[in-house]
Structures are given as C-alpha cells and as structure tokens.
Ligand SMILES: Cc1cc2nc3c(=O)[nH]c(=O)nc-3n(C[C@H](O)[C@H](O)[C@H](O)COP(=O)(O)OP(=O)(O)OC[C@H]3O[C@@H](n4cnc5c(N)ncnc54)[C@H](O)[C@@H]3O)c2cc1C
Ligand SMILES: NC(=O)c1ccc[n+]([C@@H]2O[C@H](COP(=O)([O-])OP(=O)(O)OC[C@H]3O[C@@H](n4cnc5c(N)ncnc54)[C@H](OP(=O)(O)O)[C@@H]3O)[C@@H](O)[C@H]2O)c1
C-alpha cells in the first residue's frame, strides 16, 4: 500500500540540455509545501512510462516493474505552481536510465515530505552581507530555487553564484541565471548585487574561468574575479553537487578561515549528491 505522503504527479514539460542532462516540470500537489533549497524523493516505475509500450516483448519482459525512488532537489521556487527538477543521466543508473525516457503526460511518484537543511533559514539572524553559492553539475538546482525566492534578494547585499561544469554545453540554465537579477531583483527595494561566475573545467572558453573551485579559491582567482574577499564575518557560503568538490572546497575554505555552519552559526553549509 502506498504511504499517505506519496502522491502521483504528471509531467508537464521536458527540456533536454545535452544527451546526459535534462529538466522537467510536474504538477504540484495543492498541499505540498517546501523551503527553497530542499529536496524530495521522486519515484518512477519503468513499466508505467509511455515509452515502455514501444519496447519489444523481450525488452518489456526484462524491464523493472517496481517503484524506484531517488532524492531530487527542487529547482522551482516555493511560490511556483509547478515543480521543476534538473537531472543527470547515468546510463547504467537504475533511476536515471529510466527517467531519461520521460514524456509529457507520464506519471511519477512524489514523496511530499520535503527534506534537507541546505536552506537560508538554517542561518541565525542577523544575516551577514554576502552569499556565495558554489555548485557543480546538477548541484545548481537548490540555488536556482533560492534565487527565485524574493527573500534571498532582500536579505543579502551581494550574491555570487559560481557554477562549474566540464564543458560549456553542460552549463544549463545560463539564460535564466542571466535574467535573475532583472526578474527577481527588480521586485524588491535595494536588491542584492548579483555576480554569476560560470566555470568550465575541460575546455577553454574565452571569458570563463577554467580551474576547479578549490584551486580558484585557494589562489584567490575567484575572489579577484568577483572583486570581493571571503570575509568570515560577513559571508555565508553554500556548496552543492559532487562530493569530492564539496569536500575539497570545504577544506580550502577552512584553510581561508571560514567555519562550518552548526546550530545557525558559522559560514559553510553543504549538500552531497552521492
Ligand atoms: C540530497 C540529494 C539531492 C539530489 N538532487 C539531485 C538533483 O537535483 N538532480 C540529480 O540529477 N541528481 C540528484 N541527486 C542524485 C540522485 O538522487 C541520483 O543519484 C541520480 O538521479 C542518479 O540515480 P541513478 O539510480 O541513475 O544512479 P545512482 O546509482 O543513484 O548513482 C550512480 C552514480 O552516478 C553518479 N551520480 C549520481 N547522481 C549524480 C548527479 N546528480 N550528477 C552527477 N553524477 C551523479 C555517482 O557517481 C553515483 O555513484 C541528489 C542526491 C541527493 C542525496
Ligand atoms: N558529464 C558528462 O558528459 C557525463 C556523461 C555521462 C555520465 N557522466 C557521469 O556523471 C558523473 C558526473 O558527471 P558531471 O559532469 O555531471 O559531474 P562532475 O564530474 O561532478 O563534474 C562537474 C564539475 O565538477 C567538477 N569537479 C569534479 N570533482 C571536483 C573536485 N574534487 N573539486 C572541484 N571540482 C570538481 C568537474 O571538474 P573536472 O572536469 O575537473 O572533473 C566539473 O567542472 C560521473 O560519474 C560521470 O562519469 C557524465
């Protein structure tokens, strides 16, 4: 029997960024509330997806006929009517090898219990001036939700989003990011100044940084690029994505004098995706 907190949601749209990256929106159950930065558990039953009907009898026979759940950060803001997600495709991954076949009209399961503490609410007031958001790959998702919440623009003086991908085509959502300050910043008095730093690590792109985040922080390139120091007294900094990046960046930041956020105090908050 399905738990009360699990509801069926319907796919409304799908955007393919690259063969291994896509986003999709689903219907939002009326009662479902969350805080920007949180994640949910999404479920898929491969045999219920539309593409299943086009498989050969042998392929259908070997397909999984059970619900598979994974954690997914919510991209959309807590005030949006629909829920948006940003996904990797791992070719032999149980979940995403199926999810990649999503079509509009397909149904997914949503556990409506929101999880996670990578939220701005975790920090004690008064808030410092600067918010640094550092992401690799799909770890961008929770930051997009925060940046589509007006409160974020009201609460900080400076917001820096640094987003690292292997290649330029894997930097998804760039158009949305470039519009954020205009769209959301213009709705509040005295909005935060926003700086977007796209980073590609496996190719050279003119005007973009091309080293990993810990190195960029340790040699000061990122701070210089943004025109701001990382002051432990005036900085909140959030890391999300690849666990090696999270760990290496955390260590780099500690060596620069920043501290882990515990019980509301301290600078650094993190979320690992695997
Ligand atoms: C708190 C939390 C939030 C998450 N939010 C998202 C999200 O918003 N979008 C998303 O795509 N995934 C997210 N993930 C990862 C997600 O839960 C699954 O791991 C992912 O969908 C792959 O599932 P899978 O069964 O295909 O492969 P799995 O068996 O789960 O993973 C196999 C391997 O693939 C790699 N991997 C897994 N997830 C990713 C990823 N996102 N990017 C790059 N490599 C990865 C790792 O090497 C992992 O060991 C999140 C995970 C956690 C813990
Ligand atoms: N990207 C793809 O085309 C692709 C396709 C299929 C499957 N996958 C699989 O998906 C997984 C991850 O792919 P992904 O490209 O989304 O994520 P990723 O490997 O986490 O790469 C995203 C960004 O994180 C950086 N990074 C990785 N380790 C770091 C560290 N220790 N410190 C700082 N930055 C770090 C990468 O830099 P570097 O470039 O220097 O590593 C890159 O800029 C892997 O298992 C991969 O095999 C990827």
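Which one is nearest to residue 215 (Cα to Cα) among residues in the range 148-160 that are more than 16 Å from ligand 1 (Cβ to nearest atom) and buried (at least 17 other Cβ atoms within 10 Å of the Cβ)? Top of the filtered list is 160.
Being more than 10 Å from ligand 1 (Cβ to nearest atom), modelled with pLDDT of 95 or more, closer than 23 Å to residue 228 by Cβ and crowded, with 17+ Cβ neighbours inside 10 Å narrows it down to one of 133, 108, 102, so name that one.
Working: 108 fails: closer than 23 Å to residue 228 by Cβ; 102 fails: closer than 23 Å to residue 228 by Cβ.
Only one candidate qualifies: 133.
For (1) under 15 Å from residue 236 (Cα atoms); (2) free of Cβ contacts under 8 Å to residues at least 24 places away in the same chain; (3) surrounded by 14 or more Cβ atoms within 10 Å (Cβ to Cβ); (4) away from ligand 1 (no atom under 16 Å from the Cβ), each residue gets a yes or a no:
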{"site": "129", "(1), (2), (3), (4)": "yes, no, yes, yes"}
{"site": "139", "(1), (2), (3), (4)": "no, no, yes, no"}
{"site": "146", "(1), (2), (3), (4)": "yes, no, yes, no"}
{"site": "162", "(1), (2), (3), (4)": "yes, no, yes, yes"}
{"site": "169", "(1), (2), (3), (4)": "no, no, no, no"}
{"site": "175", "(1), (2), (3), (4)": "no, yes, no, yes"}
{"site": "185", "(1), (2), (3), (4)": "no, no, yes, yes"}
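Conditions (1) modelled with pLDDT of 95 or more; (2) away from ligand 1 (no atom under 16 Å from the Cβ); (3) assigned to a strand (DSSP E or B), marked per residue:
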| site | (1), (2), (3) |
| --- | --- |
| 195 | yes, yes, yes |
| 217 | yes, yes, no |
| 230 | yes, yes, no |
| 237 | yes, yes, yes |
| 244 | yes, no, no |
| 247 | yes, no, no |
| 258 | yes, yes, no |
| 270 | yes, no, yes |
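Residue 254 fulfils the conditions (1) part of a loop (DSSP other than H, G, I, E, B); (2) more than 21 Å from the chain's Cα centre (by Cα) except for a single criterion, (1).
Take the range 1-49 and flag every residue that is at pLDDT below 95 and either closer than 26 Å to residue 118 by Cα or surrounded by fewer than 17 Cβ atoms within 10 Å (Cβ to Cβ) (or both). Passing the criteria: 1, 2, 3, 4, 5, 30, 31, 47, 48.
The values are calculated or read from the model by the stated rules, or taken from the named source; none is laboratory data. Worth saying up front: this structure is predicted, and the values here are computed from it rather than measured. Heads up, the Cβs are rebuilt from the backbone with ideal geometry, glycines too, and the neighbour counts pull from every protein chain shown.
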